[in-house]
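Structure record follows, encoded as structure tokens.
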Amino acid sequence: MFFNENFKSIQIDVTKAKQLLDCELRSLPIETNAVLEVPISLSEIRNAIAKGKSHKAPGNDGIGLEFYKSEWETIKTDLLQILLNSMYLDGTILENQLKGIIVCIPKHAHPITIDDCRPLTLMNTDYKILTRIIAARLRQFLADMIHPNQYYGIPGKSVFEAVAAVRDAITQAEIFQKPLCALSIDFSAAFDKMSHEYLYMALEAHGLSACFRQKIRRLYEQATSEILINGFRSIKYR
């Protein structure tokens, strides 16, 4: 019941979502999409593997990042031609590649209820390599898409700049005796409460092509997860 309620598909009012996004968002130039859609290169794969942390629990296939690092020279051609470019360009993604294993990590020493645990989904390493490459491609264009007041997650910016901006705004309001409203919002498990359909619409509003958006959809829409508890797996959740 917990997983059914907390991870079910979130329905949205498409008309209102379009109205929300119709606010002159910063859009990428058309030619940028060509950069995002080109075949994956060996250097991108190598960089993605290098940036991954070792000694992490593997996904459904049991293959950890250490294998990709130690056997790079042996597997690099197959990894490029058969695996990642088939997944990325052709959309040939097997069911097992999209299967996650959910484990429940205790938040403290003596968990009693499910709320005392943090669900963590273990994905296959090849899946994580691909998503890391896509994220790296997008990251170089974030400054062109996102408002300059956004600090978190933007290369070259720090969350401390946001703190400084708030401090400066308060100081200015005090000096010039101007009314000011400062609102702080913290959403619990925010990403779990975000509609994927809305995210696809936001990507479109920012000028990302239908071809690129479809590549993102493939990684999410057919994904399934099984919960691992005491060595036993549950039924599949989509």
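Just a yes or no: is a residue in region 153-166 closer than 30 Å to Ser41 by Cα, open to solvent by less than 90 Å² (accessible area, probe 1.4 Å) and assigned to a helix (DSSP H, G or I)?
Among the residues of region 153-166, not one is closer than 30 Å to Ser41 by Cα, open to solvent by less than 90 Å² (accessible area, probe 1.4 Å) and assigned to a helix (DSSP H, G or I), which makes the answer no.
Do we find that Lys69 is open to solvent by 70 Å² or more (accessible area, probe 1.4 Å), of a type outside the set (Ser, Thr, Tyr) and farther than 30 Å from Pro29 by Cβ in this structure?
Spelling it out, Lys69 is indeed open to solvent by 70 Å² or more (accessible area, probe 1.4 Å), of a type outside the set (Ser, Thr, Tyr) and farther than 30 Å from Pro29 by Cβ.
Do we find that Leu208 is within 30 Å of Asn33 (Cβ to Cβ), among the aliphatic types (A, V, I, L, M) and in a helix (DSSP H, G or I) in this structure?
No: the conditions fail for Leu208.
Which condition breaks for Leu180 when tested against (1) out of contact with any helix residue (DSSP H, G or I) (no Cβ under 7 Å at 6 or more places or on another chain); (2) part of a loop (DSSP other than H, G, I, E, B)?
Condition not satisfied by Leu180: (1).
Just the residues that are open to solvent by 30 Å² or more (accessible area, probe 1.4 Å), touching a residue at least 24 places away in the same chain (Cβ under 8 Å) and of a type in the set (Asp, Glu), please, taken from region 116-149.
Asp144
Contact list please: Cβ distance under 8 Å, first residue in region 96-111 and farther than 29 Å from Ile63 by Cβ, second residue crowded, with 16+ Cβ neighbours inside 10 Å, pairs at least six apart or on different chains.
Here the result reads Pro111/Cys117, each pair linking region 96-111 to a residue that is crowded, with 16+ Cβ neighbours inside 10 Å.
Can we say Glu221 is among the acidic types (Asp, Glu) and open to solvent by 90 Å² or more (accessible area, probe 1.4 Å)?
On the way: among the acidic types (Asp, Glu): yes; open to solvent by 90 Å² or more (accessible area, probe 1.4 Å): no.
Criteria not met by Glu221.
The values are calculated or read from the model by the stated rules, or taken from the named source; none is laboratory data. Everything quoted here is computed from the prediction, not taken from an experiment. For neighbour counting, all protein chains shown are included, and Cβ atoms are generated from backbone atoms with ideal geometry for every residue, glycine included. Surface areas here come from the heavy atoms of the whole protein model, side chains and all, with no ligands, DNA or RNA. Shrake-Rupley method; radii C 1.70, N 1.55, O 1.52, S 1.80 Å.
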